[in-house]
1. Near residue 296, which lysines are there with a Cα under 23 Å away, not counting those fewer than 8 places off in the same chain?
2. Apply the a/c threshold of 1.5 to the C-alpha gyration tensor of region 8-73 and tell me whether it is rounded, prolate or oblate.
3. State in Å² the accessible area per residue of the chain; use a 1.4 Å probe, count heavy atoms of protein chains only, and round to the nearest integer.
4. Is there a quick way to get the dipole size of region 8-73? I mean about its Cα centre, with the Cβ of Lys and Arg at +1 and of Asp and Glu at -1; what is the value in debye to the nearest 20?
5. For the peptides 77-86, 264-273, 242-251, what is the packing order when you average, over each peptide's residues, the other Cβ atoms within 10 Å and list the highest mean first?
6. Under 21 Å between alpha carbons, and skipping anything fewer than 8 positions from residue 195 in its own chain: which lysines qualify?
7. Once the other residues with Cβ under 12 Å from the Cβ of residue 162 are scored (Lys, Arg +1; Asp, Glu -1), what is the net sum?
8. For region 8-73, with the dipole built from +1 on Lys and Arg beta-carbon atoms and -1 on Asp and Glu ones, taken about the Cα centre, which of 41, 54, 19 lies farthest toward the positive end?
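The values are calculated or read from the model by the stated rules, or taken from the named source; none is laboratory data. From a predicted model like this one, the values you see are computed outputs, not experimental measurements. Virtual Cβ from ideal backbone geometry, glycine too; neighbours counted across all protein chains shown. Please note that ligands, DNA and RNA were not included when accessible areas were found on the heavy atoms of the full protein model with its side chains. Shrake-Rupley method; radii C 1.70, N 1.55, O 1.52, S 1.80 Å.
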Amino acid sequence: MPAEVISPPTAFFSISLEMIEPGDLLPCDLWLRPANGDPVLYRAAHLPFLREHLERLEQSGVEVLHIAFEDAAAWSDFVAERLKSRILDPNRPIEERVDELLSSSRAMMREVFDDPRGPGVRRTIEHLGDAVNRLIAEPGAFHSAVRLMEHDYYTYTHCFHVSVYSVGLGRAAGIDDENYLTSLGQGGLIHDVGKTSLPASLINKPGRLTDNEFRLMKTHPEQGIVLLDEMNWRDPIVRDVTLSHHERLDGSGYPRGLKGDSVTVAARISAICDAFDAMTTDRSYSRGMSSLEALKILRGAHGRRYDQRLLETFIRMLLDPEKQA
Ligand SMILES: [Fe+2]
Ligand SMILES: [Fe+2]
């Protein structure tokens, strides 16, 4: 009897090697895709991935492996569960756990923003938002995270920072609904995803934008909603943060120019965190401000744009570690 021929999957997404760690028991098949040839099964699900595998791949110049679309959920769940089991281990020092969250999230976020239409994006962000909220709930975690944040600006690092700041500010402001806080964290992680729909030359342009460029840039919250729609992501807080993080209390924001009470608490929190992170991180063309300078502007010159009570809480939280812990 002829052997059964199993044809390889037809749709794949790629993962960088840094996402797989020696010792992992693979949750799904990993494939190689030679430049001109058919996909080759590299290592099957449920087999361990060992250090020698990693070394051999690196020696051959392989930087990415591929996973079939139908395995996207299994892969996202695996990565997130691996991360959560480590960062929520109470026997490990908080600083070490926060460091692990930051380095893992960097790789996960980069993949999300490289391919926001990839099959596992929503699940990855949902898990990561949950991880952020659960870790930030622990004493000392918020300040460790702020200390360890990178200062170079990339959309994906910025989004991660906004997530951490938002969950921290929400908690400090007395919000104790864990589902709300998780959604707030998820919203922070994805809030600028609409920028991936705009030309990279616009996003990376050094210095000031022209009026036309700024008009285009201002479409990113709505572009973000288009992407959330494609993912069928209906969470109202995640959508609100994505659409409304540039709304300002005095009506000077965008895209809808909402004013006063029509700006929700989630939008107010994300507006403060978004502006603060944007002001304090380095760009290719300028260094970020100090925290104090940025807070002064948010409270003074731009005081009418932001919720001043939330801002006071944010300032106390940033400047007084004891309060947060
Ligand atoms: Fe934005
Ligand atoms: Fe932003």
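1. Partners within reach: 259, 323.
2. In terms of gyration-tensor shape, oblate.
3. Values: 15910 Å² over 325 residues.
For the chain, the per-residue accessible area is 49 Å².
4. Details: 4 positive and 11 negative charges, 28 e Å.
The dipole magnitude comes to about 140 debye.
5. Values: 77-86: 16.8, 264-273: 23.9, 242-251: 21.9.
Put in order of decreasing packing, that is 264-273, 242-251, 77-86.
6. 205, 218
7. Numbers: positive: none; negative: 192, 274, 277.
Net charge in that neighbourhood comes out at -3.
8. 41
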